[in-house]
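The values are calculated or read from the model by the stated rules, or taken from the named source; none is laboratory data. Small disclaimer: the values here were computed from a predicted structure and weren't measured. So basically every Cβ, Gly included, is an ideal-geometry build from the backbone, and we count neighbours across all protein chains shown. Surface accessibility is based on the protein's heavy atoms, side chains included, excluding ligands, DNA and RNA. Shrake-Rupley method; radii C 1.70, N 1.55, O 1.52, S 1.80 Å.
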Amino acid sequence: MAKLQKIICALDLSEHSKLVAEYATMLAKMSGSSIVAVYAAPTLTQYTGFHVPPNTIDSFVGEIVSGAEKAMADFVAEHFPDVQVKAEVVVGYAAEEILSLAENEDADLIVMGTHGRKGIDRILFGSVAEKVVKNSTRPVLTIRPTDDMLEEEPK
């Protein structure tokens, strides 16, 4: 029988990440599992061929990672109540890093959002969620947020 002990929650820290965190938290509470929340910062190595000095790129990526670690700490503190969670900021291509972390952590499930890009956006940017779903050896729950899902509940 399938057992849920560790959930990877992939976040992009956009406005939709709150909803993704809510689903991961709900599943963790129901199953007693822990969460590894992950944000993948870009490497930007593709720009070294454009006469941008590598040390400039490395410095910029370092600043992105520092900012992401602070943002993740704040996000995790606010959006993962009453569950065991650790935050990870990794550097690389998002889909590859999410899949690698899921393997390394021996996760039972990956929870992530999808932006539902269409047309030229999809051709240009692809879909991290699609790549994860197609290449994961573990179950993946994708959350496709809509604006009405993000509305505040009445108090």
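Tell me which residues, restricted to the stretch 89-114, are in a loop (DSSP other than H, G, I, E, B), open to solvent by less than 90 Å² (accessible area, probe 1.4 Å), at negative phi and touching a residue at least 40 places away in the same chain (Cβ under 8 Å). It would help to see each step written out before you state the result.
The initial filter retains those residues of the stretch 89-114 that are in a loop (DSSP other than H, G, I, E, B), namely 92-93, 105-108, 114.
Add one more test, that the residue is open to solvent by less than 90 Å² (accessible area, probe 1.4 Å), and what stays is 92, 105, 107-108, 114.
When the remaining residues are screened for being at negative phi, the result is 105, 107-108, 114.
Glu105, Ala107, Asp108, listed by residue number.
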Check your understanding: Based on what the data block shows, is Ser127 at pLDDT below 95 and among the polar types (S, T, N, Q)?
Key -> yes
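For the stretch 21-61, which positions are part of a helix (DSSP H, G or I) and modelled with pLDDT of 95 or more? So that I can check it myself, show each step before the final result.
Applying the first criterion (part of a helix (DSSP H, G or I)) to the stretch 21-61 yields 21-31, 45-50, 54-61.
Once the filter is applied, which keeps residues that are part of a helix (DSSP H, G or I) and modelled with pLDDT of 95 or more, the stretch 21-61 yields Ala21, Glu22, Tyr23, Ala24, Thr25, Met26, Leu27, Ala28, Lys29, Met30, Ser31.
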Point to revise | Pairs with Cβ under 7 Å, 6+ apart, first in the stretch 53-74 and closer than 20 Å to Ala37 by Cα and charged (D, E, K, R), second surrounded by 14 or more Cβ atoms within 10 Å (Cβ to Cβ) and modelled with pLDDT of 70 or more | key: Glu69/Val89
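Looking at Ala77, is it at pLDDT 95 or above, surrounded by 12 or more Cβ atoms within 10 Å (Cβ to Cβ) and out of contact with any helix residue (DSSP H, G or I) (no Cβ under 8 Å at 6 or more places or on another chain)? First the steps, then the outcome.
On the way: at pLDDT 95 or above: yes; surrounded by 12 or more Cβ atoms within 10 Å (Cβ to Cβ): no; out of contact with any helix residue (DSSP H, G or I) (no Cβ under 8 Å at 6 or more places or on another chain): yes.
Against the criterion (at pLDDT 95 or above, surrounded by 12 or more Cβ atoms within 10 Å (Cβ to Cβ) and out of contact with any helix residue (DSSP H, G or I) (no Cβ under 8 Å at 6 or more places or on another chain)), Ala77 does not qualify.
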